[in-house]
Structure formats: structure tokens, C-alpha cells
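First up is the structure itself, then whatever we jot down about it.
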Amino acid sequence: MRIIAGTARSLPLKTIEGMNTRPTTDKIKETLFNILQADVPGSNFLDLFAGSGQIGLEALSRGADYAVFIENNRKAAKCIEENISFTKFTEKSRLLTADVLGGLHTLEGRYCFDIIFMDPPYRQGLEKDVLTFLSRSDMVKQDTKMIVEASADTGFDYLDELGFMITKVKQYKNSMHIFIQRKS
């Protein structure tokens with residue numbers, strides 16, 4: 001696993017061993033950032049269920065101004081901390097070792113994000129809990145882009161009642177990226 005492009009291009013990243021995290025493949029990460037390329041420079045980026053931190057670090061490498069990482073697994077959080085240090089993005093990032101909803105409560109009223117990425121454990125409904133919280137949050141502006149990495153069979157039929165809409169779906173073999181924004 002590595003940074004694909006930008007100022008930290010080709011730097012290798014650590015990840016924890018085992019099945020507790022599912023690192024996004026380089027191919028899927030590259031597709032994601034090809035879609036987001038115009039939005040990342042100068043953005044405030046939130047990486048939820050951050051794992052190794054590779055998505056937020058990729059955003060920083062590609063010109064994001066700031067990134068916040070939330071991860072509750074202590075080993076994964078340690079890995080993120082080491083990756084932040086290794087890529088020299090310490091001044092441009094913050095790591096919260098917390099449950100995602102608890103971390104979001106901590107950030108409420110302090111941050112506003114341009115891009116929010118989440119890769120929760122599949123088939124547990126955690127993305128709905130997070131999106132429900134974000135639907136009432138001042139961290140989400142009218143034009144904030146939210147991206148959920150989910151299993152291909154995950155439903156999002158509740159978005160309308162939360163005031164959100166799907167702007168794009170990128171389907172992969174067993175997973176997908178759902179791009180979400182507030183309704184106009």
C-alpha cells in the first residue's frame with residue numbers, strides 16, 4: 001500500500017495485519033481520486049473508519065489543506081499515527097482514536113468539511129448511523145461531498161428522508177462508492 005500521487009507520491013504506508021481492516025486497493029483508490037481530483041486541493045477532508053489512514057493521506061498528498069482521521073481500533077490508530085509522521089503531514093492532520101459517532105460529537109462546532117469519506121465495516125448499518133448524524137450537523141455544508149465505500153448490496157433508500165441525494169455511484173466487483181450531497 002502506498003500514496004499514489006502528489007507530494008508524498010510512492011511513499012509506502014503501514015497497515016495492521018488481520019481482517020479488522022480492509023485496505024482500499026490502489027486501483028479503487030485511484031478511481032476515487034480521479035473522480036475527486038478537482039475537489040481535493042484546498043479542501044478540509046474527513047476520513048471516517050480510517051483504517052491505515054491511506055485515503056486521508058492521499059488527499060493531503062494531492063493538496064488537501066487539512067485532514068481529520070477517526071478510528072476506534074487502537075492498533076489501526078497507531079498505524080495512522082506512524083503513517084502521518086512518515087508522510088510528514090503532522091501539521092496538516094488530526095487523529096481521533098474514538099468510536100466514529102463519539103469522534104463526530106467531538107468535532108461538532110469546530111470543523112466544517114468539504115469532503116467526508118467513510119469506509120465502515122460492511123453490512124452493519126454504520127453508514128446509516130453516521131449519515132443520520134451528519135444530516136443534522138453543521139460540519140456538512142450544502143456542497144460537502146460525502147463518499148461511502150460499501151458492499152455492492154448495501155441499500156441507501158433512506159437518504160431522501162435525511163435530506164441527502166446520491167450524485168454518483170461507482171460500482172466495483174464486490175463494492176461501490178456512493179457519492180452523496182445535501183439536496184438543493
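At a glance:
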| quantity | calculated |
| --- | --- |
| Extreme residue, farthest from Q37 (Cα to Cα), among residues of region 53-75 that are in contact with an Asp or Glu (Cβ under 8 Å, 6 or more places away or on another chain) and not in a loop (DSSP other than H, G, I, E, B) | I70 |
| Strands (runs of 3 or more DSSP E) (entirely within region 87-184) containing at least 2 residues that are farther than 23 Å from I3 by Cβ and modelled with pLDDT of 95 or more | 140-151, 164-171, 175-182 |
| Test: residue in region 90-105 that is touching a strand residue (DSSP E or B) at 6+ places or on another chain (Cβ under 9 Å), open to solvent by 60 Å² or more (accessible area, probe 1.4 Å) and of a type in the set (V, I, T) | yes |
| Residue match in region 123-141 (condition: among the β-branched types (V, I, T), touching a residue at least 60 places away in the same chain (Cβ under 8 Å) and touching a Lys or Arg at 6+ places or on another chain (Cβ under 7 Å)) | no |
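Each row is one residue, and each column tells you yes or no for (1) in contact (Cβ under 8 Å) with a residue 12 or more places away in the chain; (2) surrounded by 20 or more Cβ atoms within 10 Å (Cβ to Cβ); (3) under 23 Å from H177 (Cα atoms).
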residue: M1; (1), (2), (3): yes, no, yes
residue: A5; (1), (2), (3): yes, no, yes
residue: T25; (1), (2), (3): no, no, yes
residue: F33; (1), (2), (3): yes, no, yes
residue: L57; (1), (2), (3): yes, yes, yes
residue: S61; (1), (2), (3): yes, yes, yes
residue: A77; (1), (2), (3): yes, yes, no
residue: I80; (1), (2), (3): yes, yes, yes
residue: S85; (1), (2), (3): no, no, no
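The values are calculated or read from the model by the stated rules, or taken from the named source; none is laboratory data. Everything quoted here is computed from the prediction, not taken from an experiment. Counting neighbours? That spans all protein chains shown, and the Cβs are built from the backbone with ideal geometry, glycine included. Ligands, DNA and RNA are excluded from the accessible area calculation, which covers all protein heavy atoms including side chains. Shrake-Rupley method; radii C 1.70, N 1.55, O 1.52, S 1.80 Å.
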